[in-house]
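The values are calculated or read from the model by the stated rules, or taken from the named source; none is laboratory data. If you're wondering where the values come from, they're calculated on a predicted model, not measured in any experiment. Methodologically, a virtual Cβ is constructed for each residue, glycine included, from the backbone with ideal geometry; neighbour enumeration extends over all protein chains shown. Areas reflect the complete protein model, heavy atoms only, side chains present, ligands, DNA and RNA absent. Shrake-Rupley method; radii C 1.70, N 1.55, O 1.52, S 1.80 Å.
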Amino acid sequence: MTVQPVPILSAEHVGVTFSLRGRPLHALDDVSAEITPGRTLAVVGESGSGKSTLARVLMRAQDVRHGRVMFDGTDVTALSERALRPFRRRVQMVFQDPYASLDPRMTVGQIIGEPLRAQRLASGERLRERVGDLLRMVGLPAEAAARRPGQFSGGQRQRVAIARALAPDPDVLIADEAVSALDVSIQAQIVNLLREVQRARHNAMMVISHDLALVYHLADHVMVMYLGRVVESAPCDDIIGNPQHPYTAALLSATPTLDGRGERERIVLREGPPSPLNRPSGCAFHTRCPIAQPRCSAEVPQLLPAAGSRSVACFYPGKLAGRTMADLTSQEEPR
Amino acid sequence: MSTVTLAPAVVDLRDVRVAFSTDRGIAEAVRGVTIALRPGERVALVGESGSGKTMLGLSMLGITPPTARVSGGISVAGTDVLAADRAAMRRLRGGTISMVFQDALSALNPVRTVGSQLVESARRHHNLSRAQARHRAIEILTSVGVAAAAERMRAYPHELSGGLRQRVMIALALINDPQIIVADEPTTALDATIQAQVLDLLRAMSTQTTLLLITHDLAVAAEVCDTVYVMYAGRLVEFGPTRQLLDRPRHPYTRGLIAAAPRFDARRSVLRPIPGAPPRAGDTPIGCAFAPRCPFADAQCRQVDPPPATITEVACWHPQEGASR
């Protein structure tokens, strides 16, 4: 057994509440997450799940109402912008849209070099060398430095965005849907690049995605979120191979892939997720859950440890996965 | 391939080309595509961005951008789309053939209620009273899984969730019982569980309706369609029955797409991307457009474009055998 690795960045029991037209919107409710060097945490969920808010909290771009954010042993929850400066360098982000996130007027060399100049980490010949190294690391030729983003394809721009994020040598890389806007053949290039980068640099990584199949090729651990809460958190293999929360099972069933799952069990949920402004009582998933019982609308299931490194917030874990559609319909009849 | 026993095509595309003038000359987005869709067929047109799949879809409804030059033969339910006058095209669109777009918010009229858009479309194509049309609208909304349909009729598009808006657009496409539906990335902007609902809906559509599903995602195509056409750089490179195409893809591009797709049965195996990127329209190389990214390309591939995938089932000088993974 190796020693349990220590997380470098974590959210502890974080709560975030927005006010929308005078009503409270609980974007995050008691959410904890740990990002560990050399490992990848994936946060999976649909719109309104709070996954991007969690990323903003971890970036210290969003204040929290409850809980705290810890970085490298320090509580950074309430630090001033000035005190956060070293933190800003060590936690970097890659965004979804490589067209919007790169300044079209700057050359690629300037874009990648900017964080280094701004933080006074390199200048002159050393800066040029560093930019060249970064370009090589993301699989672009050194000549790319002189060109502008408009001359590159979407996949190449995302490589530039990754090179810029890596420039200040960060400990943590957060990728928010970083490959979802790319074509399939290019997506795979960037997924592999993120893995290669991590193998070479041993950085901690958090991946935010709506796509469980992609996550399967990137993550060590997966957290599934629904309406601001974590419903299940487990090692990647356990989430994919043996989902315990009915929402995880439904999400898995809803993900089209080309593998030989053949006539897989289809779990088609009714409607869409309710508005976060009208979060259902009890378990927020109960309005769409095929196996919901009266208890589910009355009590909030806590996120409790299960076998292995899994936690699940459900009164009836594992009751949906592995059933056939026939079982499900006969279950639903009496209700 | 024998064609004698097949029903007459409801959509007949012959050597369709869609070209744009650019400051660097003519850029062809679609470079000679021939496809025949039979009544009730569910066909997917799969390709990456820039493959020309959307332009081909738009050309079937005669709604390519005004700057596009469309040539070849486009016959939809017997109407020659390239020769038909505006009145004939209006009858065709929304009545015989209709389209579902990726972005329902910009495809629906933002200042009119869902109900009035449905009612108007129904009355434009059928001699219905307002009350009859309203009844039909509620019926069709209910059939596509919109709960409390009568109430939703009063909603404006922006008041609905993405999934509901997509259902409204599908209802709008279905309300006149069209023979053909062209759905362009209908689920791409949707969350996974909502995508599953919409795919279910497309699967459950009447077997009388011909479906052309345009998508970048082979896995989505496989969920709904019996036949898959693969496009690359404006051309058809391969087509075939879905299962056969997935199990024994012959074109190196199709094989590459399959190897690059994430899947659940190969734990963290490295995905095998296709190197490089597709050419931009107007920058298509001489010879086979895929040659610069193809592991099997030789001198012949770089000089002579293989015959398009209509004469043979695969447009390649070196078609491959066996599974892709």
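A few remarks follow.
- Flag for A:H245 being more than 10 Å from chain B (Cβ to nearest Cβ) and open to solvent by 10 Å² or more (accessible area, probe 1.4 Å): no
- Neighbours by Cβ (under 6 Å, 6+ apart or cross-chain): first from the range A:67-94, in a strand (DSSP E or B); second acidic (D, E): A:G67/A:E12; A:R68/A:E12; A:R68/A:D75
- Test: residue in the range B:236-248 that is crowded, with 23+ Cβ neighbours inside 10 Å and charged (D, E, K, R): yes
- Among the residues of the range A:166-181, just one is within 17 Å of A:L140 (Cα to Cα) and either surrounded by fewer than 24 Cβ atoms within 10 Å (Cβ to Cβ) or aromatic (F, W, Y) (or both), namely A:L166.
- For the range B:121-175, a tally of residues being of a type in the set (D, E) and more than 15 Å from B:A104 (Cα to Cα) returns 2.
- Residue check for B:L218: open to solvent by less than 20 Å² (accessible area, probe 1.4 Å) and closer than 30 Å to A:D220 by Cβ: yes
- Matching helices (runs of 4 or more DSSP H) fully within the range A:111-221 where at least 3 residues are in contact with a helix residue (DSSP H, G or I) (Cβ under 8 Å, 6 or more places away or on another chain) and within 14 Å of chain B (Cβ to nearest Cβ): A:154-166, A:184-201, A:212-216
- Test: B:A323 is within 14 Å of chain A (Cβ to nearest Cβ), touching a strand residue (DSSP E or B) at 6+ places or on another chain (Cβ under 7 Å), in contact (Cβ under 8 Å) with a residue 40 or more places away in the chain and assigned to a loop (DSSP other than H, G, I, E, B): no
- Among residues of the range A:31-48 being open to solvent by 10 Å² or more (accessible area, probe 1.4 Å) and over 12 Å from the mean Cα position of the chain (by Cα), the one that is farthest from the other protein chains (Cβ to nearest Cβ) is A:S32.
- Number of the condition not met by B:L61 [criteria: (1) in contact with a strand residue (DSSP E or B) (Cβ under 8 Å, 6 or more places away or on another chain); (2) without any contact (Cβ under 8 Å) to a residue 60 or more places away in the chain; (3) surrounded by fewer than 23 Cβ atoms within 10 Å (Cβ to Cβ)]: (2)
- Members of the range B:48-62 that are under 14 Å from the mean Cα position of the chain (by Cα), assigned to a loop (DSSP other than H, G, I, E, B) and more than 18 Å from B:G282 (Cβ to Cβ): B:L61
- Boolean, A:F71 is out of contact with any helix residue (DSSP H, G or I) (no Cβ under 8 Å at 6 or more places or on another chain), of a type in the set (A, V, I, L, M, F, W, C) and at pLDDT 90 or above: no
- Filtered residue count, the range B:186-214, keeping only those that are buried (at least 20 other Cβ atoms within 10 Å of the Cβ) and either small (G, A, S) or at positive phi (or both): 2
- If you go through the range B:286-325 and keep only what is under 14 Å from B:R235 (Cα atoms) and open to solvent by less than 40 Å² (accessible area, probe 1.4 Å), you end up with B:G287, B:C288, B:A289, B:F290, B:A291, B:P306, B:P308, B:A309, B:V314, B:A315, B:C316.
- Subset of the range A:128-163 (residues that are of a type in the set (A, V, I, L, M) and surrounded by 18 or more Cβ atoms within 10 Å (Cβ to Cβ)): A:V131, A:L134, A:L135, A:V138, A:L140, A:A144, A:A145, A:V160, A:A161, A:I162, A:A163
- Within the range B:257-291, the residues that satisfy the criterion of being facing chain A (nearest Cβ under 7 Å) and at pLDDT below 85 are B:D265, B:R267, B:R268, B:V270.
- Close pairs (7 angstrom Cβ cut-off, 6 or more residues apart or separate chains): within 17 Å of B:D191 (Cα to Cα) in the range A:178-191, outside any loop (DSSP other than H, G, I, E, B) and open to solvent by 20 Å² or more (accessible area, probe 1.4 Å) anywhere: A:V179/A:Q187
- Taken over the range B:78-110, residues that are in a loop (DSSP other than H, G, I, E, B), closer than 19 Å to B:R124 by Cα and in contact (Cβ under 8 Å) with a residue 24 or more places away in the chain amount to 5.
- Residue in the range A:72-92 that is β-branched (V, I, T), farther than 30 Å from A:V14 by Cα and out of contact with any strand residue (DSSP E or B) (no Cβ under 9 Å at 6 or more places or on another chain) present: no
- Filter result for A:P98 (in contact with a Pro (Cβ under 6 Å, 6 or more places away or on another chain), modelled with pLDDT under 95 and surrounded by 14 or more Cβ atoms within 10 Å (Cβ to Cβ)): no
- If you filter the range B:15-28 down to residues that are at pLDDT 95 or above and crowded, with 17+ Cβ neighbours inside 10 Å, you find that the one that is farthest from B:P285 (Cα to Cα) is B:V16.
- Tally, over the range B:29-51, of residues that are open to solvent by 50 Å² or more (accessible area, probe 1.4 Å), away from chain A (no Cβ under 14 Å) and in contact with a helix residue (DSSP H, G or I) (Cβ under 9 Å, 6 or more places away or on another chain): 0
- Filter pass, B:D283 being open to solvent by 50 Å² or more (accessible area, probe 1.4 Å), farther than 30 Å from B:D177 by Cβ, in contact with an Asp or Glu (Cβ under 6 Å, 6 or more places away or on another chain) and assigned to a loop (DSSP other than H, G, I, E, B): no
Condition check ((1) at pLDDT 85 or above; (2) crowded, with 16+ Cβ neighbours inside 10 Å; (3) away from chain B (no Cβ under 12 Å)) across all residues:
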| position | (1), (2), (3) |
| --- | --- |
| A:L227 | yes, yes, yes |
| A:I239 | yes, yes, no |
| A:G262 | no, no, no |
| A:G272 | no, yes, no |
| A:S275 | no, no, no |
| A:C283 | yes, yes, yes |
| A:A292 | yes, yes, yes |
| A:P301 | yes, yes, yes |
| A:T329 | no, no, yes |
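- Filtered residue count, the range A:222-250, keeping only those that are part of a helix (DSSP H, G or I) and small (G, A, S): 3
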